[in-house]
Amino acid sequence: MDMTAELLGAWIDSARDYAILLVDPQGRVSSWNVGAERILGYAEDEALGQPISIFFTPEDRERGVPKREMERAASNGRASDDRWHIRKDGSRFWCSGVLMRIGSEPGAPDGYVKVMRDLTERKLLEERLRARTEELLAADRRRNEFLAMLSHELRNPLAPILTSAYLLRSMLANADPIVREARDMIERQAIRLKGLMDGLTDVVRMTLQRIEIERKPVALAEVVGRAIASVRPAIDRRGLDLIEAIDPGPIVLSADPLRIEQTISALLSNAVRFTEPGGRITITAGRDADLAVVRVHDTGIGMTPELAGRIFEMFEQGEQGLARSEGGLGIGLTLARTVAQLHGGTLTAQSEGPGRGSEFVLRLPIDNSPLETPESTPGHSTPEREDTRRLRILLVDDNHDAARSAELVLQQAGYQVVLAHDGAKAVELALSLRPDVAILDVGLPILDGYAVARELRQRTRIPLVALSGYLPETTTGLLFDAYLVKPVEPDELVRVLRSLRTGQSRGSLR
């Protein structure tokens, strides 16, 4: 025992990384090791007899922290804390310390042992990491705000361009072939720009975890067929063979048909992008127990195991030449996986290696609820005219070109349209004219679209449609019967207006 005590005493005396002090019942230092001298800066003869409170910062002494620590140790046997302490020269250091009672009788200690360790470097590193994290989060917020604003600012001029292109389709049906070709080019490139804007919008939505899905019964074969049709022109331009094996049986999902179509289109588009001309794409869709399974296999450039592991990360695009003939932002697969997960499904990727093609497998739960009566699919045709009384529409947009182009579309569809370009005028016209529907931009001068909607909700029963370049907010569904993001296809706008007449669109977000 004596040898053990001697060894323990020798270790305590020589421990340089720990300040080890003996403290009497009154809180005065009675023993001091070399580590205490190194960490606290006092020689042993300077420290002996001093109250341990001299090692606490002035603000802690003022708050009575040293006394409370001794009381806690006397009562509970130990008291530990991590806090700033002070050295002889006045410099501060971050200390992890514990004060332990000597003696077994609570409240009547024979003394205390104080053990302290200097962790200043770790504390400063943690603070630097915390500050850096805050900087990155702030930069991330600024990026998201920029993307949202960029998407909005680009949508505003794009909306009248695309709407005007739709109007010209019927007006120039018998025009000179060169004029028709120019009109078609305008429409194609405007649609491509719309796709890029939708991509920016989805980046913001994914980052903010605001991807919305609207479930309804949908036939798997139908949604796969629409996805194939949307990608078919790119497949033909690339000179690829497409093999389809779609189970025509009644495989029904409870899903957002637009989002699932978007997901399958993304898988096909990815296969087109990375398959050389003359290659082959195979798409199969069918049932596996209680899951619907869609497989997209290509004979393209394939993937390394490392790429297969990160292919669903945002902005990951694999190897592409400088031409980037298929374009894109590198978010299609990220969005596709997000949509699959929101539906309770999975999306996986696999490849046998570079040059040996890739396969993506989408699995979704089967629901088999009764299918709804299908609505007409929005397209690029001029909207049909209403065959009943002309509804009066209040159309509010501070962008005069956007307002005028939308007015022409609605008038061609058979509606009577009244225009306003600020929120105050919108409220005035709504209260005086009592239109059948009000279509509101969100970013309006004087009163914004949300303020107008709140005012009209309180004072009227007019159905409200938001038509905006901004993403919907979480409270949108309480204010608007439908929320459309610019640019919107005329058929879709008319479809929403018709559904409002039958009370079917309350809370719909598009």
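Side notes on the structure shown:
- Every test in (1) more than 19 Å from GLY469 (Cβ to Cβ); (2) modelled with pLDDT of 90 or more; (3) in a loop (DSSP other than H, G, I, E, B) is passed by VAL361 save one, and that test is (3).
- Among the residues of the stretch 48-64, those that are surrounded by fewer than 16 Cβ atoms within 10 Å (Cβ to Cβ) and part of a helix (DSSP H, G or I) comprise ILE54, PRO58, GLU59, GLU62.
Rundown of residues vs (1) over 15 Å from ILE20 (Cα atoms); (2) part of a loop (DSSP other than H, G, I, E, B), yes/no style:
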residue	(1), (2)
GLY35	no, no
GLU71	yes, no
GLY90	yes, yes
TRP94	yes, no
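- Residue count for the stretch 250-271, restricted to those that are over 16 Å from ALA336 (Cα atoms) and not polar (S, T, N, Q): 4
- Only listed residue being out of contact with any His (no Cβ under 9 Å at 6 or more places or on another chain) and loosely packed, with under 11 Cβ neighbours inside 10 Å, chosen from GLU153, GLU126, GLU135: GLU135
- When every residue of the stretch 30-46 is checked against the conditions, at least one turns out to be modelled with pLDDT of 90 or more and closer than 21 Å to GLY77 by Cα.
- Against the numbered list (1) under 29 Å from the mean Cα position of the chain (by Cα); (2) loosely packed, with under 12 Cβ neighbours inside 10 Å, ARG143 comes up short only at (2).
- Residues of the stretch 104-116 that are surrounded by fewer than 16 Cβ atoms within 10 Å (Cβ to Cβ) and either among the small types (Gly, Ala, Ser) or at pLDDT 95 or above (or both): SER104, GLY107, ALA108.
- In summary, PRO248 fulfils each of the numbered conditions (1) at pLDDT 85 or above; (2) under 14 Å from ALA285 (Cβ atoms); (3) out of contact with any Lys or Arg (no Cβ under 9 Å at 6 or more places or on another chain) with the single exception of condition (1).
- Near pairs, Cβ below 7 angstrom, 6+ apart or cross-chain, from the stretch 172-198 (acidic (Asp, Glu)) to any residue that is part of a helix (DSSP H, G or I): GLU187/ALA165
- Criterion applied to GLU313, GLU306, GLU276 was being assigned to a loop (DSSP other than H, G, I, E, B), at pLDDT below 85 and surrounded by fewer than 15 Cβ atoms within 10 Å (Cβ to Cβ), and the one residue passing it is GLU313.
- Residue check, ARG237 among the basic types (Lys, Arg) and in a helix (DSSP H, G or I): yes
- Residues being part of a strand (DSSP E or B) and buried (at least 18 other Cβ atoms within 10 Å of the Cβ) - total across the stretch 419-434: 1
The values are calculated or read from the model by the stated rules, or taken from the named source; none is laboratory data. Computed from a predicted model, the values in this text were never measured in an experiment. In this analysis, Cβ positions are derived from the backbone assuming ideal geometry, glycine residues included, and neighbour counts consider all displayed protein chains.
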